[in-house]
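**Student:** Take this structure, written in structure tokens, and hold onto it; I'll ask about it next.
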Amino acid sequence: MIKAIETKLKGCFILEPQVFEDDRGYFFESYNHEAFCNAIGREVVFIQDNFSFSKKGVLRGLHYQKGEHAQAKLVSVLKGKVQDVVVDIRKDSPTYGQHISIELSSDNKKQLFVPRGFAHGFLVLSETARFFYKCDNYYNKESEEGIRYDDETLGIDWGISMDHLILSERDRSLPPIKT
């Protein structure tokens, strides 16, 4: 059983699994294709899994793949806590340029479905984080794009001082969103 909550960004869902917990620990189904597709109301086939390990203050994003290599993602945190952000970059969308931000953690066990047409990024809030995501398309370096994490038009509140962020050189040099 999975609970899907559609966000203000159409097609983007917060997913909450049914957790069975007792004095031994807990169990939950992290992914069931049929239940997932029923919950979001459409068929998505994931073909690639990715894993990332990062330390506190690391911000990865905001990234996306363009064109035929665009990717939908199902993201979760296996250990630790992150602030996860998605930005609608679908030019024809009424929510173009808007974003949502959600805390994902190994404690809350929430997942986020990010459809194609969105930029995605996350900031590690715990000492370390193990971040996992499924993709519905293969990574293609030539289709890789991004948006600057501190773009003023987006107004993303990452929740910590920008002085404490740890960023790649690539992420520091990403352009603002195209308006």
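Values quoted throughout were computed directly from the atomic coordinates according to the rules given, and no laboratory measurement underlies them. Since the structure is predicted, the reported quantities are computational estimates derived from the model, not experimental observations. Because the Cβ atoms are built from the backbone with ideal geometry, glycine has one as well, and the counts that use them run over all protein chains shown.
**Student:** Could you name the lysines whose alpha carbon sits less than 19 Å from that of K178, not counting residues in the same chain fewer than 8 places away?
**Tutor:** K66, K91
**Student:** Now a separate question. Taking neighbour Cβ counts within 10 Å as the exposure measure, how do K79, K110 sort from fewest upward? Each step should come with its number before you reach the end.
**Tutor:** Working: K79 14, K110 19.
Fewest-to-most ranking of K79, K110: K79, K110.
**Student:** Suppose each label sits 7 Å from its Cα in the direction of the beta carbon; what would the S161-R42 distance come out to in nanometres?
**Tutor:** The answer from the label model is 4.3 nm.
**Student:** Okay, helix-only estimate at 222 nm for the chain: each DSSP H run of n ≥ 4 adds -39500 (n - 2.57), divide by all residues, round to 500 deg cm²/dmol; what do you get? All intermediate terms of the calculation are to be shown ahead of the outcome.
**Tutor:** Values: 2 runs with 12 residues, N = 179.
Value at 222 nm, helices only, nearest 500: -1500 deg cm²/dmol.
**Student:** Just add up the charged neighbours of K91: K/R +1, D/E -1, any other residue whose Cβ is under 15 Å from the Cβ of K91.
**Tutor:** On the way: positive: K10, K66, R90, R116, K178; negative: D88, D92, E145.
Residues close to K91 contribute a combined charge of +2.
**Student:** Any of K56/K109; K8/K110; K10/K110; K55/K109; K110/K141 with alpha carbons more than 24 Å apart? Name them for me.
**Tutor:** K110/K141
**Student:** Additional query: Just in region 12-119: which GluC sites (Glu not before Pro) are loop by DSSP and have at most 14 other Cβ atoms within 10 Å? Intermediate results must be reported in sequence, preceding the final value.
**Tutor:** Details: sites: E21, E29, E34, E43, E68, E103; in loops: E29, E43.
Here the sparse-neighbourhood loop sites are E29, E43.
**Student:** I need the chymotrypsin sites (Phe, Trp or Tyr not before Pro) found in region 98-174, filtered to DSSP loop residues with at most 16 other beta carbons within 10 Å of theirs. Intermediate results must be reported in sequence, preceding the final value.
**Tutor:** On the way: sites: F113, F118, F122, F131, F132, Y133, Y138, Y139, Y149, W158; in loops: Y138, Y139, Y149, W158.
When the chymotrypsin sites (Phe, Trp or Tyr not before Pro) of region 98-174 are filtered for loop state and at most 16 Cβ neighbours within 10 Å, Y138, Y139 remain.
**Student:** At a Förster distance of 22 Å, what's the computed FRET efficiency of S52 paired with D22, Cβ-Cβ distance as r, to 0.05?
**Tutor:** On the way: r = 31 Å, r/R0 = 1.42.
The value I calculate is 0.10.
**Student:** Oh, and also: Would you please name the GluC sites (Glu not before Pro) within region 122-179 that are DSSP coil residues with at most 12 other C-beta atoms within 10 Å of their C-beta? Don't skip to the answer; put the middle values down first.
**Tutor:** Details: sites: E127, E142, E144, E145, E152, E169; in loops: E127, E152.
When the GluC sites (Glu not before Pro) of region 122-179 are filtered for loop state and at most 12 Cβ neighbours within 10 Å, E127, E152 remain.
**Student:** List the residues of region 101-131 whose backbone N lies under 15 Å from a point placed 7 Å from the Cα of K3 along the Cα-to-Cβ direction.
**Tutor:** 108-112
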